[in-house]
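Data block below; observations after.
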Amino acid sequence: MPLSPDPRATRVEPDDLGLPVRIGAVQQVVSLVPSLTEAVAVTAPGLLVGATDWCSHPADLTVTRIGGTKNPDVARIIALAPDLVLANEEENRLPDLDALRAAGVPVWVTEVRTLEQALSSLERVLTVACGLPRPHWLDQAEAAWRDVPQPPRPLRTVVPVWRRPWMVLGRDTFAGDLLRRLGAPPLHAAHPERYPAIPVDELLAAGPELVVLPDEPYRFTAEDGPEAFPGVPAALVSGRHLTWYGPSLAEAPALLAAQLADRRPGRG
């Protein structure tokens with residue numbers, strides 16, 4: 001049974017936002033973030049008692065489903081009597097988190113905008129918040145990204161994340177940081193907005209050399225997405241490996257690099 005560092009005492013620890021979280025023995029966790037669901041489930045099977053409908057990994061996860069990331073069933077979460085709820089400042093809504101706190105449920109909020117933040121946040125969630133040993137997969141993830149070879153010449157890259165309207169990666173995004181490390185920095189990384197809505201004709205006018213189309217949150221496919229960027233190589237990539245921070249980080253650099261390399265100009 002996973003234990004907090006001192007199951008006899010209540011600790012107060014700051015989460016990623018610096019908010020104090022009062023934590024005792026952590027034996028039941030509800031996760032409102034697919035990345036964190038996978039991270040906890042792989043590290044400590046049996047610790048999770050609840051997760052969102054979007055928490056698809058591990059594939060054999062059997063816990064109470066508590067709704068979506070944006071519309072969780074707060075009453076159902078409270079009824080599960082979790083020792084800790086894991087959330088993210090971007091994925092989850094403040095009114096839901098405040099309602100949980102008002103009911104006396106400890107809520108730990110993560111903030112992830114870069115790879116370094118992701119690795120640090122994961123370690124604190126698992127070791128500080130949940131009281132678990134540092135998992136081996138986290139060491140593997142750090143090594144995998146540390147050993148990423150220097151990419152070829154960076155390509156001017158457009159990275160849509162939604163269609164109707166077209167929305168792309170802008171400033172301060174985790175996915176954008178990963179793509180930068182892989183030689184495909186988003187063209188709109190300096191945009192004032194994190195996910196700006198930009199018409200496709202403006203995206204084309206920016207002169208992209210590559211368009212990266214993940215399969216989530218919008219499910220781009222070979223038949224839905226590339227046709228909007230005629231003459232521009234399109235890389236269809238794994239959204240989970242591009243946008244999730246958890247065990248998938250260990251295999252992400254090799255997988256994403258291969259998917260991008262196949263569509264570099266002159267390669268197909």
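The values are calculated or read from the model by the stated rules, or taken from the named source; none is laboratory data. Since we're looking at a predicted model, the values are computed, not measured. Cβ placement follows ideal geometry from the backbone for every residue including glycine, while neighbour counts extend to all protein chains displayed. Side chains are part of the model used for accessible areas, which takes the heavy atoms of the whole protein and leaves out ligands, DNA and RNA. Shrake-Rupley method; radii C 1.70, N 1.55, O 1.52, S 1.80 Å.
The table below gives the values:
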{"item": "Sole exception among (1) farther than 17 Å from Leu255 by Cβ; (2) more than 18 Å from the chain's Cα centre (by Cα); (3) among the β-branched types (Val, Ile, Thr) for Val148, by number", "result": "(1)"}
{"item": "Whichever residue in region 182-214 is within 10 Å of Leu169 (Cβ to Cβ) and assigned to a strand (DSSP E or B) and, among such residues, is nearest to the chain's Cα centre (by Cα)", "result": "Pro214"}
{"item": "Output for region 243-263, where each listed residue is in a helix (DSSP H, G or I) and under 20 Å from Ala41 (Cα atoms)", "result": "Thr243, Pro247, Ser248, Leu249, Ala250, Ala252"}
{"item": "Residue tally, condition touching a residue at least 40 places away in the same chain (Cβ under 8 Å), in a helix (DSSP H, G or I) and more than 19 Å from the chain's Cα centre (by Cα), over region 97-133", "result": "1"}
{"item": "Pair list, Cβ < 7 Å and 6+ apart or interchain, from region 210-224 residues that are farther than 15 Å from Met167 by Cβ to residues that are part of a loop (DSSP other than H, G, I, E, B) and open to solvent by less than 30 Å² (accessible area, probe 1.4 Å)", "result": "Leu210/Leu155; Leu210/Ala184; Leu210/Val232; Leu210/Pro233; Asp215/Ser238"}
{"item": "All positions within region 7-63 that are open to solvent by 30 Å² or more (accessible area, probe 1.4 Å), under 15 Å from Leu126 (Cβ atoms) and part of a loop (DSSP other than H, G, I, E, B)", "result": "Asp16, Gln27, Pro45, Gly46"}
{"item": "Identity of the residue in region 218-264, among the charged types (D, E, K, R) and out of contact with any Phe, Trp or Tyr (no Cβ under 9 Å at 6 or more places or on another chain), that ends up nearest to Asp201 (Cα to Cα)", "result": "Glu227"}
{"item": "Of all residues making up region 134-168, the number that are open to solvent by less than 10 Å² (accessible area, probe 1.4 Å) and either without any contact (Cβ under 8 Å) to a residue 40 or more places away in the chain or in a helix (DSSP H, G or I) (or both)", "result": "3"}
{"item": "Answer residue from region 84-96, given it is out of contact with any Cys (no Cβ under 9 Å at 6 or more places or on another chain) and part of a strand (DSSP E or B) and is surrounded by the fewest Cβ atoms within 10 Å (Cβ to Cβ) among those", "result": "Asn88"}
{"item": "Selection from region 97-112 of residues that are more than 14 Å from Gly246 (Cα to Cα), of a type outside the set (A, V, I, L, M, F, W, C) and open to solvent by less than 50 Å² (accessible area, probe 1.4 Å)", "result": "Pro106"}
{"item": "Residues of region 169-184 satisfying the condition of being crowded, with 19+ Cβ neighbours inside 10 Å and not β-branched (Val, Ile, Thr)", "result": "Leu169, Gly170, Phe174, Ala175, Gly176, Asp177, Leu178, Leu179, Leu182, Gly183, Ala184"}
{"item": "Enumeration of residues in region 65-113 that are hydroxyl-bearing (Ser, Thr, Tyr) and within 21 Å of Gly131 (Cα to Cα)", "result": "Thr110"}
{"item": "Enumeration of residues in region 64-83 that are in a strand (DSSP E or B), open to solvent by less than 30 Å² (accessible area, probe 1.4 Å) and not small (Gly, Ala, Ser)", "result": "Pro72"}
{"item": "Unmet criterion (only one of (1) in contact (Cβ under 8 Å) with a residue 40 or more places away in the chain; (2) open to solvent by 50 Å² or more (accessible area, probe 1.4 Å); (3) within 23 Å of Ser120 (Cβ to Cβ)) for Ala189", "result": "(1)"}
